[in-house]
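K.L.:
Dropping a structure here in structure tokens format, bear with me for questions.
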Amino acid sequence: MKKFWQNIVMNKLLLHICCGVCAVGLINKFKQDGVKVTGYFYNPNIHPFMEFRKRLRAVEVLSEQEKLPVHYETAYGLDEFLVAVAPYGKIWAKERCLKCYEMRLLKTAQKAKELGFDSFTSTMIVSPQQNQAVIKNIGENIAKATGIGFKYEAVTDLYHECKELAKKRQLYRQQYCGCVFSEYERYAGRDDKLVRE
């Protein structure tokens, strides 16, 4: 099977990184396939503040371990996130997640364009807990609108490897998707898969 990154010009792929856990396995796969990648941390969805700091620090540690260049958006994005998703809240979870995907993928494509990359992808493609069909569709629509290629392949089979690698590397491993709504769903005992069906 042809790998989605085989045609990528070296050093021209910007990888949106939402957490160290999903990134570690995907970066390892890039290395095996001979692809060099630059990371981009932009996650206004991650709350509360200390959770945001833990995930940011995990990416910084991973960047140091892998000698991976990463561009960081370090501002805590509570206001930005709530403006984008507040109309949907926990009741309209499908729309909320869609807006969250859209916000982060669009910003990544814009950053890729600004920095001279010709393509982008996201560590979200690793997680079986995310709606992969929606991510693919949003990414492809953004690619058409921006002229920056969205590189997608179903690589959710890497998820368990990612978790094991993160554990061995002693990277912070989060317990919920990122937003305050997903935190509530996780700790209130609800099945958080329901929100992404």
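The values are calculated or read from the model by the stated rules, or taken from the named source; none is laboratory data. Because the structure is predicted, anything quoted here is derived from the model rather than measured. Neighbour counts are summed over all protein chains in view; Cβ atoms, including those assigned to glycine, are modelled from backbone coordinates with ideal geometry.
K.L.:
If a residue has to be in contact (Cβ under 8 Å) with a residue 24 or more places away in the chain and either in a helix (DSSP H, G or I) or closer than 16 Å to Arg104 by Cβ (or both) to count, how many in segment 163-173 make the cut?
P.N.:
Matching residues across segment 163-173 total 4.
K.L.:
Do we have any residue at all in segment 89-110 that's among the aliphatic types (A, V, I, L, M), more than 12 Å from His16 (Cβ to Cβ), in contact with a helix residue (DSSP H, G or I) (Cβ under 9 Å, 6 or more places away or on another chain) and assigned to a helix (DSSP H, G or I)?
P.N.:
yes
K.L.:
If the requirement is being within 20 Å of Leu171 (Cβ to Cβ), of a type in the set (A, V, I, L, M) and out of contact with any Lys or Arg (no Cβ under 8 Å at 6 or more places or on another chain), which of these qualifies: Val59, Val83?
P.N.:
Val59
K.L.:
Please work out which residue is modelled with the lowest pLDDT, limiting yourself to segment 111-128 and to residues that are touching a strand residue (DSSP E or B) at 6+ places or on another chain (Cβ under 9 Å) and of a type in the set (S, T, N, Q).
P.N.:
Ser119
K.L.:
Have a look at Glu80, Glu153, Glu161 and point out the one that is within 28 Å of Val61 (Cα to Cα), charged (D, E, K, R) and within 15 Å of the chain's Cα centre (by Cα).
P.N.:
So the residue among Glu80, Glu153, Glu161 that is within 28 Å of Val61 (Cα to Cα), charged (D, E, K, R) and within 15 Å of the chain's Cα centre (by Cα) is Glu153.
K.L.:
When the residues of segment 23-56 are filtered to those that are of a type in the set (A, V, I, L, M, F, W, C) and closer than 23 Å to Asp118 by Cβ, which remaining residue is surrounded by the most Cβ atoms within 10 Å (Cβ to Cβ)?
P.N.:
By that ranking, first place goes to Ala23.
K.L.:
Moving on to the next point. Of the numbered conditions (1) within 15 Å of the chain's Cα centre (by Cα); (2) not in a helix (DSSP H, G or I), Met124 satisfies every one except a single condition; which is it?
P.N.:
Of everything listed in (1) within 15 Å of the chain's Cα centre (by Cα); (2) not in a helix (DSSP H, G or I), Met124 misses just condition (2).
K.L.:
Separate question: Need the failing condition index for Ile125 against (1) loosely packed, with under 14 Cβ neighbours inside 10 Å; (2) farther than 16 Å from Ile46 by Cβ, just the number.
P.N.:
Every listed condition holds for Ile125 apart from (1).
K.L.:
Kindly check whether there is at least one residue in segment 104-118 that is over 25 Å from Val35 (Cα atoms) and exposed (fewer than 14 other Cβ atoms within 10 Å of the Cβ).
P.N.:
The answer is no; no qualifying residue exists.
K.L.:
I've got another one for you. Which numbered condition in (1) modelled with pLDDT under 95; (2) surrounded by fewer than 24 Cβ atoms within 10 Å (Cβ to Cβ) is the only one that Cys19 fails?
P.N.:
That leaves (2) as the condition not met.
K.L.:
Right, something else. Taking segment 129-151, which residues are surrounded by fewer than 18 Cβ atoms within 10 Å (Cβ to Cβ), modelled with pLDDT of 90 or more and not in a helix (DSSP H, G or I)?
P.N.:
Gly147, the sole residue that qualifies.
K.L.:
Which of the residues that make up segment 39-56 are of a type outside the set (Phe, Trp, Tyr), within 22 Å of Gln170 (Cα to Cα), within 16 Å of the chain's Cα centre (by Cα) and not in a helix (DSSP H, G or I)?
P.N.:
Result: Gly39, Asn43, Ile46, His47.
K.L.:
While we're here: For segment 92-102, which positions are aliphatic (A, V, I, L, M) and closer than 10 Å to Ile138 by Cβ?
P.N.:
The one that is aliphatic (A, V, I, L, M) and closer than 10 Å to Ile138 by Cβ: Leu98.
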